[in-house]
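Notes for the one structure printed next.
The values are calculated or read from the model by the stated rules, or taken from the named source; none is laboratory data. Remember, predicted model here, so these are calculated numbers, not experimental data. Don't worry about glycine lacking a Cβ; one is built from the backbone with ideal geometry, like all the others, and counts go over all protein chains shown. Ligands, DNA and RNA are stripped out before the accessible areas are found, and what is left, the full protein with its side chains, is counted by its heavy atoms. Shrake-Rupley method; radii C 1.70, N 1.55, O 1.52, S 1.80 Å.
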Amino acid sequence: MPKVDDAHFAARRRQILDAAAACFAREGFHRTTMQDIVRESKISAGLIYRYFTGKDDMIAAIAAEWHERRTAMLGDDPAAGYLDVLRRVGDPATRAELQLAVQVWAESVRSPAVRAMSRANVDRPVAAVAPLLAGASADPASLARVFIAIYQGLVLQTLWDDDLDHTAFVRAVATLLPDPAEPGRGADQE
């Protein structure tokens with residue numbers, strides 16, 4: 001059997017994950033069959049199983065990538081990065097990704113592996129952002145979780161309400177963030 005180079009391996013893996021993500025966003029994790037993913041990816045089932053052990057493995061890989069992208073978007077200025085993440089929710093091109101996000105959150109209730117990964121992908125940003133909120137009168141880690149909940153709520157509201165004004169939403173959230181020009185100014189202080 002010929003050895004597959006890293007670029008080919010990565011491209012094939014990406015093809016499978018993109019197909020799985022499209023199926024999961026469209027039909028949900030439990031209604032999507034491996035045959036659906038085979039059809040969408042145009043790759044044989046045998047080959048797919050060389051890359052992934054099954055749907056749960058694909059779900060975990062998709063969720064890990066999704067959280068890595070969100071973390072990378074925070075960049076060097078977490079407050080500005082956070083607002084960029086919120087703005088991206090309003091981009092119509094992200095709708096399938098948002099549907100997939102909700103599927104991952106729902107799956108985290110059922111699957112201990114997805115729950116552990118989802119928890120880690122909340123705990124890491126909380127640990128990173130909490131020190132930036134140290135001047136707030138509220139517990140910084142709890143306040144960081146409030147901002148995560150705002151993001152999650154915006155995702156749900158975006159999927160429920162086609163008329164949601166994302167610009168106004170992001171502007172309102174910006175008023176809650178600490179002002180980096182005023183050290184020690186907390187999100188709940190004027």
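Brief remarks on what is shown
- Residue check for Ala10: modelled with pLDDT of 85 or more, part of a helix (DSSP H, G or I) and loosely packed, with under 12 Cβ neighbours inside 10 Å: yes
- Filtering the stretch 79-120 to residues that are farther than 18 Å from Leu154 by Cα and not hydroxyl-bearing (Ser, Thr, Tyr) leaves Glu107, Val109, Arg110, Pro112, Ala113, Val114, Arg115, Ala116, Met117, Arg119, Ala120.
- Subset of the stretch 136-161 that is out of contact with any Leu (no Cβ under 7 Å at 6 or more places or on another chain) and among the aromatic types (Phe, Trp, Tyr) - its residue that is nearest to Ala172 (Cα to Cα): Phe147
- Checking every residue in the stretch 156-179 against the condition of being open to solvent by 40 Å² or more (accessible area, probe 1.4 Å), of a type in the set (Lys, Arg), modelled with pLDDT of 80 or more and under 18 Å from the mean Cα position of the chain (by Cα) gives zero matches.
Yes/no matrix, rows are residues, columns are (1) assigned to a helix (DSSP H, G or I); (2) modelled with pLDDT of 85 or more; (3) acidic (Asp, Glu); (4) in contact with a Gly (Cβ under 6 Å, 6 or more places away or on another chain):
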{"site": "Ala96", "(1), (2), (3), (4)": "yes, yes, no, no"}
{"site": "Leu100", "(1), (2), (3), (4)": "yes, yes, no, no"}
{"site": "Glu107", "(1), (2), (3), (4)": "yes, no, yes, no"}
{"site": "Arg115", "(1), (2), (3), (4)": "yes, yes, no, no"}
{"site": "Arg119", "(1), (2), (3), (4)": "yes, yes, no, no"}
{"site": "Ala130", "(1), (2), (3), (4)": "yes, no, no, no"}
{"site": "Gly135", "(1), (2), (3), (4)": "no, no, no, yes"}
{"site": "Ser142", "(1), (2), (3), (4)": "yes, yes, no, no"}
{"site": "Val146", "(1), (2), (3), (4)": "yes, yes, no, no"}
